[in-house]
Amino acid sequence: MKTKIVLVAGARPNYMKIAPIYWAIQEKAPEKFAVELVHTGQHYDASMSDDFFRDLGLPTPSVNLGVGSGSHASQTAKVMLGFEEVLAQRKPDVVVVVGDVNSTAACALVAAKMQFDGRRPILVHVEAGLRSRDRDMPEEINRIVADALSDVLFTTCRDAGDNLLAEGIPADRIHFAGNPMIDSLRRCLPAAERCGFLESVRLVGRPFGLCTLHRPSNVDMPEVLETLLGVLAEIATELPVLLPLHPRTRAKIAEFGLQERIAEVHRRGARVPPKGLVGLDPLSYLEMLQALASARFVLTDSGGLQEETTALGVACVTLRENTERPVTISEGTNVLAGVERASILAAFEEARRKAAAGARVPELWDGRAGERIVETLGLVRGGQ
Ligand code: UD1
């Protein structure tokens, strides 16, 4: 009998973490597992969802709960109600949640309490143990919930395992598997190089920087967003800085009347100007990888980009006060900048020095995390 495994996808940063697990099952152990993708619908625009499934070669999820946007409580509650029905129907042996979005915590809570035929599914958290120690971040709450409830916890770095042990999670539940997001990066980079994005905005062979901003703490308050756009404009006096706009960020820029700070370029044949801050629609996964691999530097408040820049050796300035990914600082190209002008400009210089000196790619960020996860899951099931 095959082990029935449900992989949960909720929001944009989840897809490149479930893909390597899906690929490893299909390519290495199709006889052992029957795998099903369930999308909660937390992200729903094509540019935040379908385009990524296409780029990663993932099938359309068999279920989409269609929860959409809302307050934290209402979004979490809708995911829970929908996911409970899915589990009651499908009765999987294993539920895998990844990352730290609201869907991660919601599905973990449901799976941990679910009972059918006198048993409950094994709950697995991939990317366990990351801690920013900042409980004002909704993601930190989601990580703590998913880790506390999971039966099997896969970590991407050694410090994450230490965090879990310090919280009293038994050592035999923790498996250091490496970073599945870097599996996706390595596998998709050749296709990204051919995807034509840089050609479409006439940036091939020209220097440029890249920035992403979407955290509520950076974009929801007018004075913070205005300061950040001001520093980015300073950095962009010598070369263009691309700013693909998350829907939340685009809406806030309009609400605060800051549109004139950005030159919007609508792609397909548009030439990016020689300097200045350049707003773009959200990039697909391949487009983002192509841009990342060629960018002179990155400024970001994303978690994923801190890791992807470290894997690619590109200078990264993190526009936050803390990070749950310290290995990208201790070994990689990342520098924590905060959100003040002076500290950002200092971090910008430091990150470029670090990248030029040559940073290290962390242990087990080798493109084989998905295989290790699937191998371990086979053993866990076998041992039941
Ligand atoms: C979510 C995650 C965050 C992750 C980010 C990546 C949580 C708590 N936050 O934040 O950890 O880094 O995704 O993008 O889970 N919207 C659209 N179209 C969409 C999705 C969202 O227009 O497809 C707009 C809506 O106005 C929505 C807003 O963006 O209200 C925010 O979306 P939401 O999913 O609540 O949080 P994110 O900021 O995307």
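Looking at 120, 158, can you tell me which residue is closer than 22 Å to residue 184 by Cβ, open to solvent by 40 Å² or more (accessible area, probe 1.4 Å) and not aromatic (Phe, Trp, Tyr)? That would be 158, the only listed residue that is closer than 22 Å to residue 184 by Cβ, open to solvent by 40 Å² or more (accessible area, probe 1.4 Å) and not aromatic (Phe, Trp, Tyr).
Within the set 82, 99, the sole residue that is on the phi > 0 side of the Ramachandran plot and of a type in the set (Gly, Ala, Ser) turns out to be 99. Of the candidates 103, 150, the single residue that is more than 12 Å from the ligand (Cβ to nearest atom), at pLDDT 95 or above, polar (S, T, N, Q) and crowded, with 16+ Cβ neighbours inside 10 Å is 150. Pairs are defined by a Cβ separation below 6 Å, a sequence spacing of at least 6 or placement on different chains, a first member in segment 262-279 that is on the phi < 0 side of the Ramachandran plot, and a second member that is open to solvent by 40 Å² or more (accessible area, probe 1.4 Å) and modelled with pLDDT under 90; the pairs so defined are 279/264.
Candidates 86, 63, 79, 67: the one that is open to solvent by less than 20 Å² (accessible area, probe 1.4 Å), over 21 Å from residue 178 (Cβ atoms) and away from the ligand (no atom under 16 Å from the Cβ) is 86. Looking only at segment 12-43, residues that are part of a helix (DSSP H, G or I) and either touching a residue at least 12 places away in the same chain (Cβ under 8 Å) or farther than 16 Å from residue 184 by Cβ (or both) come to 15 in all.
Assess whether residue 308 counts as being crowded, with 23+ Cβ neighbours inside 10 Å, over 21 Å from residue 348 (Cβ atoms) and at pLDDT 95 or above. The answer is no for residue 308. Here residue 359 passes the criteria (1) open to solvent by 40 Å² or more (accessible area, probe 1.4 Å); (2) hydrophobic (A, V, I, L, M, F, W, C); (3) at pLDDT 95 or above; (4) closer than 30 Å to residue 176 by Cβ except the one numbered (3). If you check 73, 24 for being within 20 Å of residue 377 (Cα to Cα) and among the small types (Gly, Ala, Ser), only one passes: 24. All of 335, 317, 339 fail the test of being open to solvent by less than 10 Å² (accessible area, probe 1.4 Å) and either not in a helix (DSSP H, G or I) or not basic (Lys, Arg) (or both), apart from 317.
The values are calculated or read from the model by the stated rules, or taken from the named source; none is laboratory data. In this text, all values refer to a predicted model and were calculated from it rather than measured experimentally. When we count neighbours, we look across all protein chains shown, and the Cβ atoms used for this are built from the backbone with ideal geometry, even at glycine. Note: areas computed on protein heavy atoms with side chains; ligands, DNA, RNA excluded. Shrake-Rupley method; radii C 1.70, N 1.55, O 1.52, S 1.80 Å.
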